[in-house]
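Working notes, structure below.
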Amino acid sequence: MTFLRRGNIKRGQQAEEIACQYLQEQGLQLLGRNYRCPCGEIDLIMAHHDGIVFVEVRYRKNQHFGSGAESVDHFKQSKIIASAAHYLQKNKGAARRPARFDVVAVAPDAGQHKIEWIRDAFQA
């Protein structure tokens, strides 16, 4: 079991790196990684234009149980939103900027990676 966890953690870190590089290529700037607080964790915190973007990165080896983006359910969304509120309380300058929540799903695809970027992913 420990071996599987290490493998999952390593794949998760690799997916975060892939997502971060992709988003930077799209013009976003990295502000922070793996922000942890009592409410949960935010994978990437980025700046885009005049706003702050809280990014959840999901990796799926296969789509049998749904895509990575589909795995960000309401419970996970509420944890990310609470963590973002914590971040904004601690970073007053960031709190003055508009914020949004994005999801980046990473999946293997013929030796490469398929990237699905969903902006404003938590909209109803």
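The values are calculated or read from the model by the stated rules, or taken from the named source; none is laboratory data. Just so you know, these numbers come straight off a predicted model, no measurement behind them. Neighbour counts run over all protein chains shown; Cβ positions are idealised from the backbone, glycine included. Keep in mind that these areas ignore ligands, DNA and RNA; they rest on the heavy atoms of the full protein, side chains included. Shrake-Rupley method; radii C 1.70, N 1.55, O 1.52, S 1.80 Å.
Can you find, within segment 76-110, the residue that is farthest from residue 56 (Cα to Cα) among those that are open to solvent by 80 Å² or more (accessible area, probe 1.4 Å) and at pLDDT below 90?
Per the criteria, the residue is 110.
For a quick check of your reading of the model, give me the residue pairs whose first member lies in segment 86-100 and is among the charged types (D, E, K, R), whose second is outside any strand (DSSP E or B) and open to solvent by less than 80 Å² (accessible area, probe 1.4 Å), with beta-carbon atoms closer than 6 Å and at least 6 apart or on different chains.
If the second residue must be outside any strand (DSSP E or B) and open to solvent by less than 80 Å² (accessible area, probe 1.4 Å), the pairs left are 100/120.
Considering only residues that are open to solvent by 60 Å² or more (accessible area, probe 1.4 Å) and within 22 Å of residue 110 (Cβ to Cβ), look in segment 60-73 and name the one that is modelled with the lowest pLDDT.
Top of the filtered list is 64.
Limited to segment 17-47, what total is found for residues that are in contact with a Leu (Cβ under 7 Å, 6 or more places away or on another chain) and modelled with pLDDT under 95?
0
So in segment 111-124, with the set limited to residues that are in contact (Cβ under 8 Å) with a residue 60 or more places away in the chain and over 12 Å from residue 56 (Cα atoms), which one is least open to solvent (accessible area, probe 1.4 Å)?
Among residues in segment 111-124 that are in contact (Cβ under 8 Å) with a residue 60 or more places away in the chain and over 12 Å from residue 56 (Cα atoms), the one least open to solvent (accessible area, probe 1.4 Å) is 115.
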